[in-house]
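The values are calculated or read from the model by the stated rules, or taken from the named source; none is laboratory data. Source: prediction; values computed, not measured. Here the Cβ positions follow ideal geometry from the backbone for every residue, glycine too, while neighbour counts run over all protein chains shown. These area figures cover heavy atoms from the full protein model, side chains too; ligands, DNA and RNA do not enter into them. Shrake-Rupley method; radii C 1.70, N 1.55, O 1.52, S 1.80 Å.
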Amino acid sequence: MTIVIHTLDEIEKMRRVGRLAAQQIEMIEEHIKPGVSTGELDRICHDYTVNIQKAIPAPLNYRGFPKSICTSVNHVVCHGIPTDDKLLKHGDIINIDVTLIKDEFHGDTSKTFLVGKPNVLGERLTKIAKESLYKGILQVKPGNHLGDIGWATQTCAEKNRFTVVEEYCGHGIGRVFHDEPQVLHYGRRGAGIELKPGMIFTIEPMVNAGKAAVRLLSDDWTVVTKDHKLTAQWEHTILVTDTGYEILTYRNDDTIDQYG
Ligand code: MF3
Ligand code: CO
Ligand code: CO
């Protein structure tokens, strides 16, 4: 297994594309309300990426994926396909996952939004999924191991009597969308490879309200919880620095400073 150690020049390009991905999540927020379709959200993001950001939506035609973003509503774990038939309603939760390419480098981030009047469980699950991501990020520093990240994301979810999905994971990212290493969201402290400055990967825990088991729908993309209970996900692209981490897809609504 070879894991890319990025040069300063490459890191600067990852900062730039990471910022664009973060800005896209900020841009879409005001459009997320009851009555809007996920197809419409996809068109807004696509046009913004191409016309304003002068970037490329990485999901479009990636291994046959038909749209520019993933929209995963309620019991959809990840890779939900936007469609004009799916209208959001009060109390839904929706994960918007965007990946952009600029100057050949990828920035990948997602957030779960509450639609309209929030539902109590949806709100709590969404908050814990975000906390799980932050607990994972806080483990990122040279000398720590990948297993420390998985241990932290899993422990956070399970302390709150939720579960983490095991079939999908974070990933190395840079010139390649999904690169080594795999970043599992469960694990043991000290397990796996040691983190080194210049590594860049995503952390993207999927946290379920019910059981951890998932099922792939016949479209070969949409992943749902087997028990059809709610699920939430948050994702950031993270650089390992000399002393810790840098969130390359950081937004102004990030609250990691509140989680020590
Ligand atoms: N952005 C997703 C991730 O976090 C991958 C989406 S691949 C797609 O890795 F083809 F479904 F878009
Ligand atoms: Co990702
Ligand atoms: Co993503």
Worksheet item: So, how do all the Cα-to-Cα distances of the stretch 105-260 break down into 5 Å bins, in percent, from 0 on up?
Response: 2, 10, 19, 23, 21, 15, 8, 3, 1
Worksheet item: Picking from 153, 222, 237, which is most flexible by a Gaussian network model of the chain using Cα springs under 10 Å?
Response: 222
Discussion item. Just want the answer: with Cβ charges of +1 for Lys and Arg and -1 for Asp and Glu, which residue in 237, 37, 247 is farthest toward the dipole's positive end in the stretch 8-259?
Written reply: 37
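How big is the shadow of the Cα convex hull of the chain, averaged over all directions, in nm²?
Averaged projected hull area, Cα only: 12.8 nm².
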Worksheet, complete the sentence: Calculated from DSSP helices alone, with each H run of at least 4 adding -39500 (n - 2.57) and the total divided by the residues of the chain, [θ]222 nm to the nearest 500 comes to -8000 deg cm²/dmol
Practice prompt. Set Lys and Arg Cβ to +1 and Asp and Glu Cβ to -1, take the dipole of the stretch 154-230 about its Cα centre, and tell me which of 217, 178, 162 lies farthest positive.
Written response: 162
Worksheet item: Just how far, in whole angstrom, is the stretch 123-150 from the stretch 166-197 if you go by their alpha carbon centroids?
Response: 12 Å
Fill in: Partners for residue 67 among aspartates and glutamates (Cα-Cα distance below 18 Å; same-chain residues under 8 apart left out)
40, 42, 47, 84, 85, 97, 108, 219, 220
Fill in: Length gained when the stretch residue 176-residue 258 is fully extended (0.36 nm per residue, less Cα-Cα span)
26.3 nm
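Using a 10 Å cut-off on Cβ atoms, rank the peptides 17-29, 70-82 from the highest mean neighbour count down. List each step's numbers first, then the result.
Working: 17-29: 21.2, 70-82: 22.8.
With the highest mean Cβ count within 10 Å placed first, the list reads 70-82, 17-29.
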Worksheet item: Given charges of +1 on the Cβ of Lys and Arg and -1 on the Cβ of Asp and Glu, with all other atoms neutral, how large is the dipole of the chain about its Cα centre, in debye to the nearest 20?
Response: 620 debye
Worksheet entry | Where trypsin sites (Lys or Arg not before Pro) fall in DSSP loop in the stretch 160-260, at most 15 other Cβ within 10 Å | 161, 175, 188, 189, 211, 226
Worksheet, complete the sentence: The simple spin-label model distance between residue 62 and residue 159, using points 7 Å out along Cα→Cβ, in nm, is 3.1 nm
Worksheet item: What part of the accessible area of the chain, given as a whole %, is carbon or sulfur when the probe is 1.4 angstrom?
Response: 50 percent
